[in-house]
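Right, one structure below, let's go through it.
The numbers here are math on the coordinates, done by the rules we state, and not lab data. Worth saying up front: this structure is predicted, and the values here are computed from it rather than measured. Here Cβ is always computed from backbone atoms with ideal geometry, including for glycine, and neighbour counts include all displayed protein chains.
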Amino acid sequence: MELFDVYPLYNVTPVKAEGVYVWDENDIKYLDFYGGHGVISIGHTHPDYVKSLSEQLGKIGFYSNSIVNPLQQELAHKLGKLSGCENYNLFLCNSGAEANENALKLASFETGKSRIISFKNAFHGRTSAAVAVTDNPSINASLNLQQEVTFLPLNDIELVIHEIGKGDVAAVIIEGIQGVGGLDEGTTEFFQEVQKECNENNVLLILDEVQSGYGRSGEFFAFQHHHIQPDVITTAKGMGNGFPIGGVLISDKYKAKYGSLGTTFGGNHLACAAGIAVLDVMEKEKLMENVKEVFQYFSEEIKTVPQIKKVKGKGLMLGVEFDFEVGELRKKLIFDKYIFTGGSNNKNLLRILPPLSAKKEHVDLFINALKEVLS
Ligand SMILES: Cc1ncc(COP(=O)(O)O)c(C=O)c1O
């Protein structure tokens, strides 16, 4: 059997990794400024994480959600405390798309309505409702297009008010900072007004923090820069530092009903061990403070690269925009300078998502390499 060939590949084969570095099978060392789509949060193969997962695997790796699993409770408590979201309850699942799928379903259950407002250039995943609220017709099959979705431009509050006024909207879904779309984000005023409209009209506000959450923006969740309280928050990527895990944080004003949501694998013992280790390391190593510090340094140093038109994003969720397409630049960074970076829907934008443990010296390596490649 061959693989179903859906991924265009760079010809690099990583075989080991540590911290912000990855090595290929020829022992070439790469600086990882992409974290495998923003997944690596506390750093590759962090010793506490490896120990915790290995020990858990030796005890029990999995049992279903029909038994008591105290690790789920421990994860929920720690997540509530570190994120400041103690007035939410946690539903555990396996990926970002699954988290959004459940968030959207919950909004429809709660309101009895089905239309969703999403935003231009949004990316929310590949499952049925998640892909329908993703602004990319080429990845929506006709099956997905049966969902009722209205895409609006970011930061146009009048259009949001107009659509919500029609009375059939179940939820507004929005990324804390757009990832795949290219690092655009709502203004504080926009987020606050959307929240107000949702609250007044029985519409759930879903914050997709799958990419922008878990400390990546310098706050635990990116929406916390805007002082709002969404009804539902979704998370995945950095939550497990590479182990598949997702979560839906649901405001405690919504009450759970047995059987309304469910999954076989979500919240299994190994996933919880990974999730707990991530939170413990984030706290112990003060990674959110590190993100703020490194962001400040990056913001200053990047000004020394004259070809850059604009820097977008916050913390270690960054985009550097040029007035040319960056495809070739990314290839040169990988194959000549051994640095991983990412792309986005905006073809002129280099997406940078290093582990949250990256230091100023790694920023220097990146900026020096960028200057050499551009010269
Ligand atoms: C903002 C956002 N939401 C959802 C997803 C989907 O997550 P997953 O690939 O884990 O299903 C992604 C993935 O890139 C994302 O960036």
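Brief remarks follow.
- Among Ser64, Ala17, Gly38 the positive-end extreme of the charge dipole of the stretch 1-64 (Cβ point charges): Ser64
- Most to least packed among 196-202, 338-344, 118-124 [average Cβ atoms within 10 Å]: 118-124, 338-344, 196-202
- For the chain: relative contact order, % (alpha-carbon pairs under 8 angstrom, 6 or more apart): 23
- Computed from backbone phi with θ = phi - 60° and the Karplus coefficients 6.51, -1.76 and 1.60, the 3J(HN,Hα) list for the stretch 340-346 is 8, 9, x, x, 7, 4, 7 Hz; x is used for glycine and proline.
- Evaluated with a Cβ-only charge set (Lys, Arg +1; Asp, Glu -1), the stretch 209-261 carries a dipole of roughly 160 debye about its Cα centre, given to the nearest 20.
- Remark: the chain carries a charge dipole of roughly 300 debye about the Cα centre, counting +1 on each Lys and Arg Cβ and -1 on each Asp and Glu Cβ.
- Packing around the peptides 285-296, 303-314, 225-236, taken as the average count of other Cβ atoms within 10 Å per residue, puts them in this order, highest first: 225-236, 285-296, 303-314.
- Exceeding the 27 Å Cα-Cα cut-off - candidates Lys312/Lys371; Lys166/Lys237; Lys120/Lys314: Lys166/Lys237
- Amide H to amide H, with H built 1.01 Å from N, Lys120 comes under 5 Å of Leu152, Leu154, counting only residues 5 or more places away or on other chains.
- Debye, to nearest 20: dipole size of the stretch 177-277, +1 on Lys, Arg Cβ, -1 on Asp, Glu Cβ: 520
- In order along the stretch 325-339, phi translates into HN-Hα couplings of 6, 9, x, 5, 4, 4, 5, 5, 4, 6, 8, 9, 10, 6, 10 Hz, rounded to whole numbers, per the Karplus curve 6.51 cos²θ - 1.76 cosθ + 1.60 with θ = phi - 60° and x for Gly and Pro.
- Residues with amide H under 5 Å from that of Lys113, placed H, sequence gap 5 or more: none
- Among beta bridges from DSSP that stay inside the chain, the antiparallel ones total about 60%.
- Cα centroid separation, the stretch 1-78 to the stretch 186-259: 24 Å.
- MRE, 222 nm, helices only [DSSP H, n ≥ 4, -39500 (n - 2.57), over the chain, to nearest 500]: -10500 deg cm²/dmol
- Close amide-amide hydrogen proximity is noted between Phe33 and Phe340, each under 5 Å apart and 5 or more residues distant or on a separate chain (H modeled in the peptide plane; Pro and chain starts excluded).
- Straight-line cross-link reach from Lys255 at under 17 Å between alpha-carbon atoms covers these aspartates and glutamates, not counting any fewer than eight positions away in the same chain: Glu86, Glu110, Asp231.
- Sorting the segments 354-360, 142-148 by their residues' average number of neighbouring beta-carbon atoms within 10 angstrom, most packed first, yields 354-360, 142-148.
- Placing unit charges on the Cβ atoms of the charged side chains and taking the dipole of the stretch 212-307 about its Cα centre, the candidate lying farthest along the positive direction among Pro230, Gly247, Tyr258 is Tyr258.
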